[in-house]
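All remarks here apply to the structure that follows.
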Amino acid sequence: MNDAERSEEKNGDEFTDTSDTAPLSSQTDSTALDEQKQAFSELNDRYLRLAADFENFKKRTARDRETITNMANERFAVDIIEVLDNFERAIKADDAHLREGIVQIQHLLSSQLQRHGITPVDALNKPFNPAEHEAIAHVPSEEAEGIVVDEVARGYRMHDKVIRYAKVAVSNGNH
C-alpha cells in the first residue's frame, strides 16, 4: 500500500477540501498586516513627536541658560556701575579729598567683587606657585630663592578657579 492509500484509509473516505481555508488564511494575513502597518504608523508618529519634543527641549534649555547668564551679568554690571558713579564723583571733587575718595572706591569695588566670589590671590612674600603666579622677572634679593618679592599685577580667583594669574617678580637668592 502506498502513502496515498494509507492516508485515505486513516481519514476514512472523507474528503478534506483545503480550498475553503486558503481564502481564510489570506484574510487573516491581510488583517494582521494592516494591524502591523497601523502599529508601525502609530510608533513612527510617537517617535517623530518625541524627536520634536526633544528638539524643543534643547532650544528651551539653551534659551533658559542664556537668560540666566544675562541676569547674572546684569547684576554684576549694576554693582560695577555703582563704582563708576563714585569715580565720576571723585573726578569732580577737589584735590584734597581725591585720594580719600579713590581709596573708598577701591574698597567698594573690592567688596563688590568679593560678593560675586572674586578674591585676590595673595602672592607677596610667598613661595612662587605656577598655579597662581606668572613670573615676569627674577631679581636678586635678601629673600630665599623662589620667594615672590614684588607683585606687578594682582591675581584674582573666582571661587576656586584662578581667573587672572598674579604677575610677580621672584627672588633668585642673594647672587
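Read the figures in this text as sums done on the coordinates, not as results from a lab. Here the structure is a predicted model, which is why all the values come from computation and not from measurement. Virtual Cβ from ideal backbone geometry, glycine too; neighbours counted across all protein chains shown.
If R0 equals 22 Å, the separation of the Cβ atoms of residue 102 and residue 70 corresponds to a calculated FRET efficiency of about 0.10.
The ranking of 157, 99 by Cβ neighbour count inside 10 Å, starting from the fewest, reads 99, 157. Remark: 159, 116 ranked as 159, 116, counting other beta-carbon atoms within 10 Å and listing the fewest first.
Computing volume of the Cα convex hull per residue in Å³ directly from the structure and comparing it against (i) 165; (ii) 135; (iii) 291 singles out (iii). Averaging the Cα positions of each part gives two centres, and for region 116-175 and region 51-88 these lie 33 Å apart.
Principal-axis analysis of the Cα atoms of the chain puts helix 95-115 at an angle of about 30° to the longest axis. How charged is the neighbourhood of residue 78? Take every other residue with its Cβ under 13 Å from the Cβ of residue 78, and add Lys/Arg as +1 and Asp/Glu as -1. Local net charge: -2. In the chain, the DSSP-assigned H stretches of four residues or longer account for a calculated mean residue ellipticity at 222 nm of -21000 deg cm²/dmol, using -39500 (n - 2.57) per stretch and the full residue count as denominator. Listed by chain and number, the lysines whose C-alpha is less than 23 Å from the C-alpha of residue 161, apart from same-chain residues fewer than 8 away, are 126.
Per residue, the average separation of C-alpha pairs within less than 8 Å and at least 6 apart gives region 119-175 a relative contact order of 45 percent.
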